[in-house]
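The values are calculated or read from the model by the stated rules, or taken from the named source; none is laboratory data. Since this is a predicted model, take the numbers as computed values, not measurements. Neighbour counts are summed over all protein chains in view; Cβ atoms, including those assigned to glycine, are modelled from backbone coordinates with ideal geometry.
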Amino acid sequence: MDRNTSSMELKDYVISENKAVVRNDPVVLALMRKQLNARQYKLYAAQRASVATNFVRLVVKAAAGARAIGDKALAKALEANEADELGRDEHGIEHAERNHRNWKLAYLCALNLNVERPDFPLLPSTRAHSDAFLELEASAGVLRMAGALLSLENIIPLEYRAAIRSRDHLFPQLFCIDDGDGPDTRRRKMAARQYLDDHVVHDASEHFPQLLQALEKYQDNPASMGEIRAGIDFVNRHRKNFYEGLAEALTYDDARGEYFTYGAMAA
């Protein structure tokens, strides 16, 4: 940390650190200001969809860790997040139409992207981000993972609110409901936009405050807070590196043939 944040409350710390890294990031600002073109947005969408593909596994493992240390409140907050991600109802039944992974695939499909293709090309900074999160899953303790998830639940609405502005500006025919749209077209557009739209609403209004409340009891424990803050710092550090790599890729000249090599990326 490059400033005195040791006495900050957890909420103030996570919000201030996330704002410094993400809200003021040039790529996020460009999305918010609708400054990217269609090809650039597709590059962003493809890379952003791949940076933390083990998110659900992190939630599941952190919930198990919370149960193991007897923290029922933390386990409950994480279990609610897990159920939401998997589309699981109050009876434990999973519904495919509520599964966030399926929402992501519908969003990418609307953009003619397939993130699960074996030869899907990832930028070095995207690979580094993914590898770091796999290491976090493999070796971090429950409070560090919970701190990372808290950071993500605050960051994601900031990112996706900006992405929505550019998405609807660049691809209104794919995502924006029009008065002349028939029932099938409306359903397709709603499915395509649900991934970004829902995360802005529920992460900010439910998952972040629930997880924050479950973790605030550790504020008077320096060792525990050190772990939670380490998770927050971990996310901010790797998100910063991810966006720096993406910003560099977005500056490539199309004519140089170095922009990207997706098979179906025509605007």
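Does Arg193 satisfy the criteria of being touching a helix residue (DSSP H, G or I) at 6+ places or on another chain (Cβ under 6 Å) and either modelled with pLDDT of 95 or more or in a helix (DSSP H, G or I) (or both)? The answer is yes for Arg193.
Asp119 fulfils the conditions (1) within 20 Å of the chain's Cα centre (by Cα); (2) modelled with pLDDT under 95 except for a single criterion, (1). On inspection, Ser139 fails the criterion of being closer than 30 Å to Ala20 by Cβ and crowded, with 22+ Cβ neighbours inside 10 Å.
Counting only residues that are of a type in the set (Gly, Ala, Ser) and free of Cβ contacts under 8 Å to residues at least 12 places away in the same chain, how many does the stretch 191-238 have?
The total comes to 3.
Only residues that are touching a Leu at 6+ places or on another chain (Cβ under 7 Å) and in contact (Cβ under 8 Å) with a residue 40 or more places away in the chain were counted across the stretch 57-72, and they come to 4.
For the stretch 210-253, the candidate set comprises residues that are over 19 Å from Ala45 (Cα atoms) and assigned to a loop (DSSP other than H, G, I, E, B); within that set, the residue that is nearest to the chain's Cα centre (by Cα) is Gln219.
Pairs are defined by a Cβ separation below 7 Å, a sequence spacing of at least 6 or placement on different chains, a first member in the stretch 75-93 that is more than 17 Å from Asn154 (Cβ to Cβ) and free of Cβ contacts under 8 Å to residues at least 24 places away in the same chain, and a second member that is aliphatic (A, V, I, L, M) and surrounded by fewer than 17 Cβ atoms within 10 Å (Cβ to Cβ); the pairs so defined are Gly87/Ala96.
Sort out which residues of the stretch 170-213 are surrounded by 13 or more Cβ atoms within 10 Å (Cβ to Cβ), acidic (Asp, Glu) and farther than 30 Å from Gly147 by Cβ, and write them in order of number. Within the stretch 170-213, just Asp181 meets the criteria. Between Pro222, Pro183, Pro172, which is out of contact with any helix residue (DSSP H, G or I) (no Cβ under 9 Å at 6 or more places or on another chain) and closer than 30 Å to Asn37 by Cβ? Sole residue among the options that is out of contact with any helix residue (DSSP H, G or I) (no Cβ under 9 Å at 6 or more places or on another chain) and closer than 30 Å to Asn37 by Cβ: Pro172. Considering every residue within the stretch 108-124, establish whether at least one is part of a helix (DSSP H, G or I) and under 20 Å from Arg57 (Cα atoms). No - not one qualifying residue is present in the stretch 108-124.
Only one of the numbered conditions (1) in contact with a Leu (Cβ under 6 Å, 6 or more places away or on another chain); (2) of a type in the set (Gly, Ala, Ser); (3) under 30 Å from Ala77 (Cα atoms) is not met by Ala140, and that is (1). Within the stretch 159-169, the set of residues being closer than 14 Å to Ala30 by Cβ and surrounded by 20 or more Cβ atoms within 10 Å (Cβ to Cβ) comprises Glu159, Ala162, Ala163, Ser166, Arg167.
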